Amino acid sequence: MTTFVDRVELHVAAGNGGHGCASVHREKFKPLGGPDGGNGGRGGDVILTVDQSVTTLLDYHHSPHRKATSGKPGEGGNRSGKDGQDLVLPVPDGTVIMDKAGNVLADLVGQGTTYIAAQGGRGGLGNAALASARRKAPGFALLGVPGDLQDIVLELKTVADVALVGFPSAGKSSLISVLSAAKPKIADYPFTTLVPNLGVVTAGETVYTIADVPGLIPGASQGKGLGLEFLRHVERCSVLVHVLDTATLESDRDPLSDLDMIEAELREYGGLDNRPRVVVLNKTDVPDGKDLAEMVRPDLESRGYRVFEVSAVAHIGLKELSFALADMVAKSRAAKPTEEATRIVIRPKAVDDAGFTVTREEDGLFRVRGEKPERWVRQTDFSNDEAVGYLADRLNRLGVEEKLMKAGARSGDGVAIGPEDNAVVFDWEPTVMAGAEMLGRRGEDHRLDEPRPATQRRRDKQAERDEAAQEFEDFEPF
């Protein structure tokens, strides 16, 4: 059964914002109680956070769909809805977050590092919050904004100071088991190690981590064997250790050719040329292995490598190797620039930045894109005339109508607000700002061309009364 997963595709959904409430305070002997609809609650976020106790992405491999809770709707009596709970997902240290196209969104390194993968929706305002001097009793409330939906890829890159690389059965697992307290699987057949193993080594005052990467073979950088899947775990290591088998039973292999092949695969993978290297000639407890190590050592040193002859089984040369690696790790840590406190950068908006754009498409449709217009459209209840009128007022104040006119829009032209796959399309009619004198009963707006039947009947009756009153005034008795 799979117990280690280092790459998964995760589908996250933030919580939706709760709808605002349209309510009027009702109490005996208080006919004009006023609006008292509460606001909707905020939807919960989906947050990824580094947890040192988590070492694999296995949980997300089995359950790739995660959703935060939504906010509750507002209620009468100025009672706001409850906010949705954030969904916190623990991930291993060294997790890289990417979109499906491969673009890196975040690199989570260090305990407690967080990233908001999906933002919760904003709660809608109730009619109590929408009341103003000109709109004293709104007959509508704003809808909650849907939460974000994201498809992301989580990729784990092991955070270690030293990486052991080499052919299968070169003795990497045995070496890490004697250098640290790690207990990897050890056997006398290739590809015993199927997942990276981590161990902690203490050498003097230096404590560093060492990683045992599954064995590499020719073509690993192209996907052969297990190399391509686990070469990413070498990227963060500051020191590379070539573990060469001096007692291999394969006649076509020797330490020098093994080293050349591994170096070729590392170059093909890319990004590892500047890492210091160390060569470990392993299995020198075998007589033939000791002789071969003495033969190839001068050639390796002439190439500039620091060479150590060790035996993981007989515990030969381990102390010297451990302290040498600790010295290299300490130098690498000292060479890294000191991390400064994050500077707060304030980038004010440009004076001419309206926060939205208006473009004319080939089919003559005018498309409005911007955070505010798109959010306002999602929050509008289009079954409520007054809410639609309120949306028109907001868009007008933002300057959308002015930009449409400058772009050449005329009465009756099609206007879409939002992206192509989720836009609200309507026929544009220039309007004017509305005051309280233009509004009728709650939930109605006289600027709409097609009033409700009840509204039209009421207007017809009022017109008949006005006409009768005018005839009475014009009547002259004999």
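Just so you know, all these numbers are worked out from the coordinates, no wet-lab data involved. Values in this document were obtained by computation on a predicted structure and should not be read as measured data. Note: ideal-geometry Cβ built from the backbone for every residue, glycine included; neighbour counts use all protein chains shown.
How many angstrom lie between the Cα centre of segment 261-307 and the Cα centre of segment 410-432?
68
Place a point 7 Å from Cα of R79 in the direction of its Cβ. Which residues in segment 15-32 have their backbone N less than 18 Å from it?
Under cut-off, by backbone N: 18-28.
Expressed in nm to one decimal, what extension gain is obtained for the pair F323 and D363 from 0.36 nm per residue of sequence separation less their Cα-Cα distance?
Values: separation 40, 0.36 × 40 = 14.40 nm, distance 7.15 nm.
Taking 0.36 nm per residue and subtracting the Cα distance, the gain is 7.3 nm.
Regarding segment 373-421, what's the average projected area of the Cα-atom convex hull, expressed in nm²?
Working: hull surface 15.7 nm².
If I average the Cα hull's projected area over directions, I get 3.9 nm².
Going down the table (K283/K319; K28/K72; K30/K72), which pairs top 22 Å between alpha carbons? Walk me through the numbers before you get to the answer.
Numbers: K283/K319 16 Å; K28/K72 29 Å; K30/K72 29 Å.
Table pairs above 22 Å Cα-Cα are K28/K72; K30/K72.
If you stretched the chain out fully between E420 and D151, how much longer would it get, using 0.36 nm times the residue separation minus the C-alpha to C-alpha distance? Write out the running numbers ahead of the final one.
On the way: separation 269, 0.36 × 269 = 96.84 nm, distance 1.92 nm.
Length gained, E420 through D151: 94.9 nm.
Mind giving me the FRET efficiency for A101 and D273? R0 is 25 Å, r the Cβ-Cβ distance, nearest 0.05 is fine.
Working: r = 27 Å, r/R0 = 1.07.
Computed FRET efficiency for A101 and D273 comes out at 0.40.
Roughly how far apart, in whole Å, are the Cα centres of segment 148-181 and segment 313-338?
18
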